[in-house]
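The structure appears right after this line, and notes come after that.
The values are calculated or read from the model by the stated rules, or taken from the named source; none is laboratory data. Because the structure is predicted, anything quoted here is derived from the model rather than measured. Cβ atoms come from the backbone with ideal geometry, glycine included; neighbour counts cover every protein chain shown.
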Ligand SMILES: CC(C)(COP(=O)(O)OP(=O)(O)OC[C@H]1O[C@@H](n2cnc3c(N)ncnc32)[C@H](O)[C@@H]1OP(=O)(O)O)[C@@H](O)C(=O)NCCC(=O)NCCS
């Protein structure tokens, strides 16, 4: 299998992104208006990527970065591509961007019953720091709040001499 290319999300990608968003998040899916609003803040405080396989968008992810803190806003992969490392590639690129923007910690919310996503985040060093009751609407599901000490993670990986896990972008980007 060829590795998907990660590139910056643009408004032209929104039809396909919304299709995936609805399929993966159902009633909690973001609207076109919300996503347009997010892209309107890119690159100032947002960083949105798509993963493209042979010209087809098969995943996407977004980051909010403000001062020393970043938040993983979303990450999603088409179900027929799960388990191929695409979620990890997207997350690693978000973390690399947070590091480039000098963020020292990264936060995220994840549904309490979304064990697969939690495992992905744990693999990257996120730890649970709290619960937000009724965070997801309209379902009312609770969210786990997770945090990564990015400064420490970067230092440890460098010091341990392990392979830097953050993927490089292949298109050079347009930022
Ligand atoms: C959560 C999500 C983004 C993970 O994406 P993914 O592309 O399947 O993630 P990865 O492939 O990187 O990792 C998933 C599993 O595949 C395994 N894997 C990674 N690379 C692999 C490869 N090349 N071959 C086989 N398996 C692989 C990983 O070990 C991991 O296993 P584990 O969950 O048992 O630890 C995806 O399931 C998704 O879109 N879910 C719906 C949306 C969602 O819930 N988003 C999170 C909102 S907070």
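Could you name every one of the strands (runs of 3 or more DSSP E) located completely within the range 32-135 that has at least 2 residues being within 12 Å of the chain's Cα centre (by Cα) and surrounded by 13 or more Cβ atoms within 10 Å (Cβ to Cβ)?
Numbers: elements: 46-53, 56-66, 69-77, 105-111, 127-132.
Result: 46-53, 56-66, 69-77, 105-111.
Is it the case, given these coordinates, that residue 130 is without any contact (Cβ under 8 Å) to a residue 24 or more places away in the chain and more than 10 Å from the ligand (Cβ to nearest atom)? Reasoning before the result, please.
Numbers: without any contact (Cβ under 8 Å) to a residue 24 or more places away in the chain: yes; more than 10 Å from the ligand (Cβ to nearest atom): yes.
So residue 130 passes the test.
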### Query
List, please: which pairs have Cβ atoms under 7 Å, are six or more places apart or on different chains, and start with a residue in the range 23-45 that is more than 12 Å from residue 64 (Cα to Cα) and end with one that is modelled with pLDDT of 95 or more and not in a helix (DSSP H, G or I)?
24/76
